[in-house]
Amino acid sequence: MKKVGLFALVVLLLSACRSSVNAEDLRIVCPYVGPISNTYQDSNRNLELKDHSLLKGVFFQWVNTNRYQWNTFLYQSSDINYSDLWGGHFFFDYYLNATEQGKYVVGAGTEYLLIDMDAQNHIAPLSDFKMKNNILVPYIRFGYRFQINSANVKTAILPWLGGEHQRVWGDLKTTMDPPGPAPATTTTVTIKDDSDYGMVGLNFTATIFHMLSLEAKYYGSFNSDDYFSTFNSMINVFFTRHVGISYRFKYMEMTVGSHSYNIFGIAAMF
């Protein structure tokens, strides 16, 4: 799955580098800041931690209306569930047979999350609790984007199917100090898990009077044992052709818990 996804992404990027005649290129960059909530779960150790903090990030998107779009978002949060959180995604969609009524979409991308935890003695009866957890999720997808346009409103609906590979790796170190005369014991564990999932998703976008853009996306990742939901939404309001404000929401479920954020930023289009 990982090799197939990487090969597909390379092919799409090379194809997108060709000339795009009669297509409009739009680029958006937006720094964001806002609250994030995180839930960390470890059923093997009966752990469930919930906390919130401040998220900082930057988003960039390049859209060629006839050929492709790609976007990336990098973000970071400190001191949440005794952890530093680093994450980001990169998505690329290539358009085929584009018409006024719609176009086929072939896409590939990846999501990455690093949880660097140092809980010290805050998780009783454990002490000196340290963990690094990496989550990498490459995926591929295919769908058809239906385009519905009027004089002042452009809307699009994209149902799609795909597949992803979720890889989790890292290490954990902790000391157990039971009550009584029993000696403390230190445990070091290597974290490693690889799983494949099917995906089904639905995207909706709308642009109104070239000033207001709305976006809502949902997809589920599933196999015979699990089902994880991811939901994204975005609202951009542009006061001029180049400057506006942006709001973004995301909720994401993972094997190690979930996180959600509400972030705000100043968007620049060029």
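The values are calculated or read from the model by the stated rules, or taken from the named source; none is laboratory data. Remember, it's a predicted structure, so these values are computed and weren't measured experimentally. Note: ideal-geometry Cβ built from the backbone for every residue, glycine included; neighbour counts use all protein chains shown.
List of remarks:
- Among residues of segment 218-230, those that are among the hydrophobic types (A, V, I, L, M, F, W, C) and either surrounded by 15 or more Cβ atoms within 10 Å (Cβ to Cβ) or not in a strand (DSSP E or B) (or both), counted: 1
- The residues of segment 240-256 that are touching a residue at least 24 places away in the same chain (Cβ under 8 Å), over 12 Å from the mean Cα position of the chain (by Cα) and either assigned to a loop (DSSP other than H, G, I, E, B) or surrounded by fewer than 19 Cβ atoms within 10 Å (Cβ to Cβ) (or both), listed by number, are ARG241, HIS242, VAL243, THR255, VAL256.
- Positions within segment 92-119 being touching a Phe, Trp or Tyr at 6+ places or on another chain (Cβ under 7 Å), touching a residue at least 12 places away in the same chain (Cβ under 8 Å) and surrounded by fewer than 16 Cβ atoms within 10 Å (Cβ to Cβ), in sequence order: TYR104, ASP118
- Lone qualifier among TYR227, TYR261 - being under 27 Å from ILE115 (Cα atoms), within 12 Å of the chain's Cα centre (by Cα) and modelled with pLDDT of 95 or more: TYR261
- Scoring ALA98 on the criteria (1) farther than 24 Å from SER233 by Cβ; (2) in a strand (DSSP E or B); (3) aliphatic (A, V, I, L, M) leaves a single failure, condition (2).
- Taking residues in segment 69-91 that are within 13 Å of ARG248 (Cβ to Cβ), and partners anywhere that are of a type in the set (Phe, Trp, Tyr) and crowded, with 18+ Cβ neighbours inside 10 Å, the pairs with Cβ atoms closer than 6 Å and at least 6 places apart or on different chains are ASN71/PHE91; PHE73/PHE59; HIS89/PHE73.
- Selected residue [crowded, with 16+ Cβ neighbours inside 10 Å, closer than 29 Å to GLY198 by Cβ, at pLDDT 95 or above and not aliphatic (A, V, I, L, M)] from TYR75, TYR32: TYR75
- Verdict on ILE266 being aliphatic (A, V, I, L, M), surrounded by fewer than 14 Cβ atoms within 10 Å (Cβ to Cβ) and either under 20 Å from LEU158 (Cα atoms) or in contact with a strand residue (DSSP E or B) (Cβ under 9 Å, 6 or more places away or on another chain) (or both): yes
- Residue match in segment 204-211 (condition: of a type in the set (S, T, N, Q) and farther than 30 Å from ASN121 by Cα): yes
- All positions within segment 198-217 that are under 15 Å from the mean Cα position of the chain (by Cα) and either crowded, with 16+ Cβ neighbours inside 10 Å or not in a strand (DSSP E or B) (or both): MET199, GLY201, ASN203, GLU215, LYS217
- Of the residues GLY107, GLY170, the single one that is on the phi > 0 side of the Ramachandran plot and in a strand (DSSP E or B) is GLY170.
- All of (1) in contact with an Asp or Glu (Cβ under 8 Å, 6 or more places away or on another chain); (2) farther than 24 Å from LEU85 by Cα; (3) of a type in the set (A, V, I, L, M) hold for ILE191 with one exception: (2).
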